[in-house]
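Taking it in order: structure first as structure tokens, then the write-up.
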Amino acid sequence: MTTKLSALQSWVDQAASHTQPDAIHWCTGTDTEYREMIKTMVSDGTLTALNEKHYPNCYLHRSDPNDVARVEHLTFVCTEKEEDAGPNNHWMQPEAAHARVDALFDGCMQGRTMYVIPYCMGPIDSPYSRCGVEITDSLYVVVNMKLMTRMGDKALQRIEDEGTFVKGLHSTGDLDPERRLIMHFPHELTIKSIGSGYGGNALLGKKCHALRIASYQARQEGWLAEHMLIVGLESPEGETHYLACAFPSACGKTNLAMLIPPESLPGWKIRTLGDDIAWLHLDDDGQLRAINPESGYFGVVPGTNEKTNKNAYDMIMHDTIFTNVAITADNDPWWEGKTDGTPAIDWQGRVFDAAKGKAAHPNSRFTVAASNNPSYSSFADAPEGVVISAIVFGGRRKELAPLVYEAKNWEHGVLIGAGVASETTAANIGEVGVVRRDPMAMQPFCGYNFADYWAHWLSFAERAEKLPKIFHVNWFRQSSDGEFLWPGFGENLRVLRWIIDRCENRVDANETPIGFLPHPEDIDTSDLDISPAAMQTLTSIDRDQWRAEMESVGEYLESYGDRLPEALRKQQRSIAAALA
Ligand code: OXD
Ligand code: MN
């Protein structure tokens, strides 16, 4: 097959002469194509079929043990001027970057097939969607892209009509981390990734396109590409609100997006629109609307069970690709936190031996179509998206951050987002459990200088008619003896309810220098085993700790130098002064 779009055809021809594949396959995106690809991978050992009775149409893939997470230190944003990429990114000059990565692509697809995947991020007929084409030599990537994006003929048609698309060239190369690079060229709407077959390094529609390149595009075009879940909450009275929540990787976005109301809150209905990425646009009425550019989930498996996330647990019992989980003697997938079965073979394919480490890799993942989700919202396919009532930031913090607080206004909310900090997780190669700043949960994903990004966020105050309120939550606060103070999971609805009540001006709050905190009695804790003292800790601030925090936020912001928007500096100073 070919395309009538000459820009696409010549890019594919050029990639083919550069990487020299034996064959080229244009992906049509049909279910038949998917099934045939799965069959090929089962016969060559790329996938293992799991127990067909317990897990129909489920497969296990084991990635190279050196290739199990994102690699921020090998991920580059390549702009002419280093300051345009900003201190938040690793930078390389574009010409030098192309030369370096192109040398690795030379002849790398010899003996392999090149797959051309046209895809659309967002509903095919949405004006807010954007398209891309990924070229890859990995069939595993193709089937993941089929589950995660709207890919194939319809996307190609839109690309041919529009004439523009993001170019993503990917090869697994030789999987040597020394020859692994993930390069972004925002001005060229181009991504080049080599040396990894795993997750966000390889499924280029996700982090590379829908966040790094899209955030750059969004700034030019006046919208936002964010690391946010989108969830709809319908109260027993039939009132619906949509929230967009930004938490760092592996901090529970999927769980919150698929929340099951606890028995103590009957009548609430929770519907998932997205679990990882939101594109936010101002509509003609000046309200912020969100679409989820993805159509599937690439979620962390460990910890998923009937109690923590029954929807996810049920969702991944069929038509799912697992990566790096363990298996039982019955050939069922197994992971830490699964309440039945025992691991026989670990994620590396070895007989399980607890002395050698965990059975499933802590960053093992499921890939599954969003439509498998029992709480899937049909609005995820709505071209116009949904109006967002509240934006919620959050992180994983043992100390300091209260359960929930509300920004005083949009500018203050942007400061709260810019100051987000969280403990690092296994989603990236590197140390786990270290607190680092992760503004808007976008530290690994913003395709340009954070200072310019914050200025862009601030600009919405002038351009919008009605903006969502901004909140910050922390589900992970611990007591001095290391116990979680808040039960989390489904019980988080109690906090979301307060957020909605604040959006509707139905509940009073306690004004503090860091924002509005709930009166403890306004968070319903009936049926919860939580002491008044714990609630007091969760709904108050320690001024000494917050003084130190605001000083640290100030130092962090100043590291962006002259480009830092004055409005943020002012917000930080006024809060620091109020705490003094
Ligand atoms: C993800 C991540 O995979 O944020 O979603 O790392
Ligand atoms: Mn993510």
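The values are calculated or read from the model by the stated rules, or taken from the named source; none is laboratory data. In this text, all values refer to a predicted model and were calculated from it rather than measured experimentally. As a convention, Cβ positions derive from the backbone with ideal geometry for all residues, glycine included, and neighbour counts pool all protein chains shown. Heavy atoms of the whole protein, side chains included, go into the accessibility calculation; ligands, DNA and RNA do not. Shrake-Rupley method; radii C 1.70, N 1.55, O 1.52, S 1.80 Å.
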When residues of the stretch 508-532 are filtered for being surrounded by 15 or more Cβ atoms within 10 Å (Cβ to Cβ) and without any contact (Cβ under 8 Å) to a residue 24 or more places away in the chain, how many remain? 1
Output for the stretch 163-205, where each listed residue is touching a His at 6+ places or on another chain (Cβ under 8 Å), polar (S, T, N, Q) and surrounded by fewer than 24 Cβ atoms within 10 Å (Cβ to Cβ): Thr190
For the subset of the stretch 413-433 comprising residues that are open to solvent by 20 Å² or more (accessible area, probe 1.4 Å) and of a type in the set (Ser, Thr, Tyr), which member is nearest to ligand 2 (Cβ to nearest atom)? Thr425
Output the helices (runs of 4 or more DSSP H) that fall wholly within the stretch 30-133 and possess 2 or more residues being of a type outside the set (Asp, Glu) and open to solvent by 50 Å² or more (accessible area, probe 1.4 Å), or say none. 31-44, 94-105
Which numbered condition Ala360 misses (of (1) under 24 Å from Gly274 (Cβ atoms); (2) crowded, with 20+ Cβ neighbours inside 10 Å): (1)
Return the pairs, sorted by first residue and then second, in which the second residue is aromatic (Phe, Trp, Tyr) and open to solvent by less than 40 Å² (accessible area, probe 1.4 Å), the first residue lies in the stretch 533-561 and is touching a residue at least 60 places away in the same chain (Cβ under 8 Å), the beta carbons are less than 8 Å apart, and the residues are 6+ apart or on different chains. Leu538/Trp486; Tyr560/Phe450
Go through the stretch 264-303 and give me each residue that's under 26 Å from Asp527 (Cα atoms) and out of contact with any helix residue (DSSP H, G or I) (no Cβ under 9 Å at 6 or more places or on another chain). Pro266, Gly267, Lys269
Looking at (1) assigned to a loop (DSSP other than H, G, I, E, B); (2) within 16 Å of ligand 2 (Cβ to nearest atom); (3) charged (D, E, K, R), which one does Arg436 not meet, given that it meets all the others? (1)
Which residues, counting only those in the stretch 218-247, are away from ligand 2 (no atom under 16 Å from the Cβ) and buried (at least 24 other Cβ atoms within 10 Å of the Cβ)? Leu243
Among strands (runs of 3 or more DSSP E) completely within the stretch 248-295, the ones holding 2 or more residues that are without any contact (Cβ under 8 Å) to a residue 60 or more places away in the chain and away from ligand 2 (no atom under 12 Å from the Cβ) are none
The listed residue being under 19 Å from the mean Cα position of the chain (by Cα) and crowded, with 19+ Cβ neighbours inside 10 Å, out of Ala451, Ala441: Ala441
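Residue-wise test of (1) under 29 Å from Ser63 (Cα atoms); (2) among the aromatic types (Phe, Trp, Tyr); (3) out of contact with any Pro (no Cβ under 8 Å at 6 or more places or on another chain).
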| residue | (1), (2), (3) |
| --- | --- |
| Trp347 | yes, yes, yes |
| Val351 | yes, no, yes |
| Gly357 | yes, no, yes |
| Pro374 | yes, no, yes |
| Val386 | no, no, yes |
Determine, yes or no, whether Ser249 is over 29 Å from Tyr119 (Cα atoms), small (Gly, Ala, Ser) and touching a helix residue (DSSP H, G or I) at 6+ places or on another chain (Cβ under 9 Å). no
Out of the stretch 205-252, which residues are within 16 Å of ligand 1 (Cβ to nearest atom), among the basic types (Lys, Arg) and over 27 Å from Ser378 (Cβ atoms)? Arg212
From Pro402, Pro362, Pro383, which residue is part of a loop (DSSP other than H, G, I, E, B), touching a strand residue (DSSP E or B) at 6+ places or on another chain (Cβ under 9 Å), modelled with pLDDT of 95 or more and within 25 Å of Val71 (Cβ to Cβ)? Pro362
Quick one: is Asp501 part of a loop (DSSP other than H, G, I, E, B), acidic (Asp, Glu) and over 19 Å from the mean Cα position of the chain (by Cα)? no
Among Asp501, Asp452, Asp544, which is over 30 Å from Ala278 (Cα atoms) and not basic (Lys, Arg)? Asp544
Could you check how many residues of the stretch 395-420 are closer than 17 Å to Gly554 by Cα and within 16 Å of ligand 1 (Cβ to nearest atom)? 1
Identify, from the list Met41, Met1, the residue that is touching a strand residue (DSSP E or B) at 6+ places or on another chain (Cβ under 9 Å) and modelled with pLDDT under 95. Met1
